[in-house]
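The values are calculated or read from the model by the stated rules, or taken from the named source; none is laboratory data. Source: prediction; values computed, not measured. Counting neighbours? That spans all protein chains shown, and the Cβs are built from the backbone with ideal geometry, glycine included.
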Amino acid sequence: MTTHTLLHAIHQLSRELTKRVNETLQPFGLYSAQWSVLFVLQTKGEMPQSALCEYLAVEAPPMTRTIQRLIKQGYVQQIPGKDKRVKVIHLTEKARQAYPEWERAVLAMNERLLASMPKEQQELMQGLLAEWLGKMKGDLNE
């Protein structure tokens, strides 16, 4: 196996997972990129837009478009920070109320996708991916 083959397979897996999330959230009028933002805000709380970009490894222009769509849908608000250049993003009450339904749909999809993989393999993969991602992010910060 070459490194190209391994990374290509990971890329293809990522694309397939994104496609499945999009299909799952389509009835709610949401896409994978929006779900990522909503999930982070739900689990970590409000944060500056720049921190969302960094955490999700998304460039500023696509993040701005995603946030603008979520604002139009009434799911997030953008509040100026102490420094007027900083925009703090937080969930609206509408999003907090709808979130459990979105999460149930995504969790059901996750369970279907992982049903054929034993828990031990899931835990091993989680550990390997977390370790690799941590090292990659560490390399970028050095």
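For the range 26-52, which positions are assigned to a helix (DSSP H, G or I) and hydrophobic (A, V, I, L, M, F, W, C)?
F28, A33, W35, V37, L38, F39, V40, L41, A51, L52
Every residue, every condition in (1) at pLDDT 95 or above; (2) closer than 23 Å to G134 by Cβ; (3) more than 15 Å from the chain's Cα centre (by Cα); (4) surrounded by fewer than 18 Cβ atoms within 10 Å (Cβ to Cβ), yes or no:
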residue: Q26; (1), (2), (3), (4): yes, no, yes, yes
residue: L41; (1), (2), (3), (4): yes, yes, no, no
residue: L52; (1), (2), (3), (4): yes, yes, no, no
residue: P62; (1), (2), (3), (4): yes, no, no, yes
residue: T66; (1), (2), (3), (4): yes, no, no, no
residue: Q73; (1), (2), (3), (4): yes, no, yes, yes
residue: R96; (1), (2), (3), (4): yes, no, yes, yes
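Scan the range 59-83 and report the pairs whose first residue is farther than 14 Å from Q34 by Cα and whose second residue is surrounded by 12 or more Cβ atoms within 10 Å (Cβ to Cβ) and among the acidic types (D, E), with Cβ atoms within less than 9 Å and a gap of 6+ or a chain change.
Short answer, once both residue conditions are applied: I79/E46.
Could you check the range 75-94 and list, in sequence order, the residues that are surrounded by fewer than 15 Cβ atoms within 10 Å (Cβ to Cβ) and in a loop (DSSP other than H, G, I, E, B)?
Passing the criteria: G81, K82, D83, K84, R85, V86.
If you go through the range 77-93 one residue at a time, do you hit one that is at pLDDT 95 or above, of a type in the set (D, E), over 22 Å from Q126 (Cβ atoms) and within 15 Å of the chain's Cα centre (by Cα)?
No, because not a single residue in the range 77-93 is at pLDDT 95 or above, of a type in the set (D, E), over 22 Å from Q126 (Cβ atoms) and within 15 Å of the chain's Cα centre (by Cα).
Please work out if E23 is closer than 17 Å to A105 by Cβ, of a type in the set (D, E, K, R) and not in a strand (DSSP E or B). I'd like the intermediate steps shown before the answer.
On the way: closer than 17 Å to A105 by Cβ: yes; of a type in the set (D, E, K, R): yes; not in a strand (DSSP E or B): yes.
Judged against the criteria, E23 is a match.
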